[in-house]
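Everything below concerns the one structure shown next.
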Amino acid sequence: RYWHNTAVMAHYGELTHFVHYVTIKKYYQKALEAAPDDEWRAFTGKHYASLLLDADELGEAAQLLHQCRDMAISDDARMELQNVQCAVWLKQLQIPYDEALLATIKNSLATLIPYYEQRQNGAQAALLLIDASQIANLTDSFAESLGYINRAIALLRQEDIPELVANAHYRKGTLLYTWAQNGNPQFLKPAMEAYQEALKLFTRDNAPEVFAEIHHHLGVI
């Protein structure tokens, strides 16, 4: 517990002193070694893999997640690990897109989204719906993609998380803008409306780069 809590505090906490990334990794490794059973080890592994994911150490993250999922753990633990694994796969996507990897991610999301919805974790389900929208867009399933992003926006409004609502509108605007630029001008007006919703939160002061990009697209529209 000591090493796990120390690692999590250094990883996520707002501390008065800086903790180096290599040091946080050592904390997690000590926690894994000291874990009393597989469930504890998998719990630590999930957070450690999230750290590796954020640092773009995708190979190491994937290996750790594979090891944890092979342990004698609960179904809930497997789903949490699968959630992080899905995020690793998303970061591994590169042009030209691997069709097998796209299918793997799509199938994984199809399992994860209802899991979090059933547990009334609307925020996590919404974030996964945004990912599903991205994957559908990459496979030219435009209507499916739009359906996912609209479901995500509805869930985030229910959860009352305005920052994520604005981010979802921004993604929706970019999605519709891209379709419009590919010979579908009917999407220009809804793209503009989505961008304008995003601008209710993304201002010149708090998000200058996003603010500038949205205004660039609005100018083109």
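A few notes on this one:
- Of all residues in region 94-130, those satisfying the criterion of being surrounded by 15 or more Cβ atoms within 10 Å (Cβ to Cβ), more than 14 Å from the chain's Cα centre (by Cα) and under 17 Å from Leu156 (Cβ atoms) are Glu117, Asn121.
- Near pairs, Cβ below 8 angstrom, 6+ apart or cross-chain, from region 1-20 (free of Cβ contacts under 8 Å to residues at least 40 places away in the same chain) to any residue that is among the β-branched types (Val, Ile, Thr): Ala10/Val19; Ala10/Thr23; Ala10/Ile24
- Region 57-76 - residue that is aliphatic (A, V, I, L, M) and within 22 Å of Tyr115 (Cα to Cα) and, of those, least open to solvent (accessible area, probe 1.4 Å): Leu65
- Residue that is open to solvent by less than 60 Å² (accessible area, probe 1.4 Å) and farther than 24 Å from Gly122 by Cβ, where the choices are Leu176, Leu201, Leu188: Leu188
- Residue tally, condition in contact with a Phe, Trp or Tyr (Cβ under 7 Å, 6 or more places away or on another chain), surrounded by 20 or more Cβ atoms within 10 Å (Cβ to Cβ) and of a type in the set (D, E, K, R), over region 24-55: 0
- All conditions but one from (1) over 20 Å from Asp131 (Cβ atoms); (2) in a helix (DSSP H, G or I) apply to Phe18; the one that does not is (2).
- Matching entry among Gly219, Gly183 (being in a helix (DSSP H, G or I) and not hydrophobic (A, V, I, L, M, F, W, C)): Gly219
- If only residues of region 186-216 that are in a loop (DSSP other than H, G, I, E, B) and basic (Lys, Arg) are counted, the one that is nearest to Asn137 (Cα to Cα) is Lys200.
The values are calculated or read from the model by the stated rules, or taken from the named source; none is laboratory data. Source: prediction; values computed, not measured. Ideal geometry is used to build each Cβ from the backbone, glycine not excepted, and the neighbour counts take in all protein chains shown. Just so you know, the surface numbers come from the protein's heavy atoms only, side chains and all, with ligands and any DNA or RNA stripped out. Shrake-Rupley method; radii C 1.70, N 1.55, O 1.52, S 1.80 Å.
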